[in-house]
Amino acid sequence: MRKNTANARVHGMASYKIGEVAELLGVSVDSVRRLADSGKLATVRTTGGQRVVDSRQLARFMATAPADIKSETTIGRSARNHFPGIVTRVVKDRVMAQVEMQAGPHRIVSLISREAADELGLAPGVRAVAVVKATNVIIELAAR
């Protein structure tokens, strides 16, 4: 059975294939296998024997271990930047929602309307793309 987000379902839970996890983390499939083999990232086997990662488990992993992940890809685009990732946390009040995502080594936080978050079904483990178009640039001093 497939979901709209293209996640597979194993035992009723949304899950990601190893290749999808690699894309979300910005690393190779072999790197994801090493994370799984070392016990850092839990996987389960489908009835066909394929390893997958539960979406909520992946969200927890990405939220707590981004420093352990060494991105092997460079995201570089003009005008708009697209960061594929996974939602790690959503905090809602009556009007607004704070959505946190992990896109490879990048933690992204966005404030959007609660209505938009509800319509998109944003929750930990949901695959999403953060689209960034900066209208302001802040300059900071580099660490010495």
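Restricting segment 113-131 to residues that are surrounded by 15 or more Cβ atoms within 10 Å (Cβ to Cβ) and part of a strand (DSSP E or B) leaves a set whose member that is modelled with the lowest pLDDT is A130.
Of all residues in segment 102-123, which are touching a Leu at 6+ places or on another chain (Cβ under 9 Å) and under 15 Å from P84 (Cα atoms)?
Passing the criteria: Q102, A103, G104, P105.
The values are calculated or read from the model by the stated rules, or taken from the named source; none is laboratory data. Just so it is clear, the structure is predicted and the values come from calculations on it, not from any experiment. No Cβ is skipped: glycine too gets one built from the backbone with ideal geometry, and neighbour counts run over all protein chains shown.
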